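Derivation of every value follows stated rules applied to the coordinates shown; laboratory data play no part. None of the values given here were measured: they were computed from a predicted structure. All Cβ positions, glycine included, derive from the backbone under ideal geometry; neighbour counts span all protein chains shown.
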Amino acid sequence: MMREMFDDVETSPGVLAERIRTTRGGVSKLIDRLVGKEFVTRADRTDDRRFQSVALTAAGRRLVPQLAALAYQNDEELFGPLPPRERTALLDSMKKLIQAHGLETLPTEWGEQMSRQVIHETGITTQQGKMNFPQVVGGLLEAGVESYLVDFATRQKTHYLSDGTTHTVPTILEPGPISAEFSGEDLVAAIRGAQADTVRYPEFVKRAAAAGVVGYRAFLTGERVIYFGRKGEQHIEEFPRPKT
């Protein structure tokens, strides 16, 4: 539930119940426990005191990446033998079975949930250094992602989908110190290594931070990446063109 709260400044118990597909009573009990541990705050809404708003505390936000790392590990143990494409196919097959047997009415959020699952699975394998950039691009495009923004300082990655929605996930990699000075030469060297598949993502993150990169936005449909320095410096890298 804390993961679902991570995307919002604040939300409501009712919204959380819909997102995690449980009862409001169940959500209320979870919120009580999290408030007691000072991971969540709860307050009456100023516009309508019949309703409450809940939000992660600073401690709660710091905890989410650690929980994400554990979730990634559990997912990898279960789905590790399957590459991202086959995991997507498995979810599609489950959807067909539910429809065929009329087990329940499919929720409107099903497509969104599948997209999120692909995003999470791609994030796992990328941060473990098991995927190269073209594979990442292919997997995210299939999930409907048009672009994504990585912020090394906050350790968050926001995905922008073609339906206009966004999905933010915490990153589990520690980039190391971000240099105050931007080095385009060192950044390009790291990019070339990634393009040649001699540098995988965990090493690329460290080298990019050492080159003064505070974050970057990858435009998958626009086929370019814009890297940002701490003082507003930029480097634009076009996707490599297929060799003819």
Centroid-to-centroid separation of region 124-166 and region 171-236 [C-alpha atoms, Å]: 15 Å
In terms of modelled amide H atoms, which long-range or inter-chain residues lie less than 5 Å from the amide H of residue 214? 228, 229, 230
Exposure rule at most 13 other beta-carbon atoms within 10 Å, DSSP loop trypsin sites (Lys or Arg not before Pro): the chain longest free segment: 51-230
With each pseudo-label sitting 7 Å past Cα toward Cβ, what's the residue 86-residue 101 distance in nm, one decimal? 2.3 nm
Which three extents, in whole angstrom, do the alpha-carbon atoms of region 2-56 cover along their principal axes, largest first? 25, 23, 21
Counting only DSSP loop positions in region 191-244, the GluC sites (Glu not before Pro) whose Cβ has at most 16 other Cβ atoms within 10 Å are 223, 233
Helix-derived [θ] at 222 nm for the chain: sum -39500 (n - 2.57) over DSSP H runs of at least 4, divide by residue count, nearest 500? -15000 deg cm²/dmol
Connecting C-alpha atoms closer than 10 Å in a GNM of the chain, tell me which of 191, 124, 98 has the biggest fluctuation. 98
Taking just the C-alpha trace of the chain, give me its Rg and Dmax in Å. 19.8, 65
Note on the chain: helices (DSSP H) long enough, at least 15 Å by alpha carbon along their axis, and hydrophobic enough, mean Kyte-Doolittle at least 0.0, are 24-36, 184-195
Out of 134, 81, 177, any idea which swings most in a Gaussian network model of the chain, alpha carbons joined below 10 Å? 81
Once you put a point 7 Å from the Cα of residue 154 and another 7 Å from the Cα of residue 197, both along the Cβ direction, what distance in nm separates them? 3.4 nm
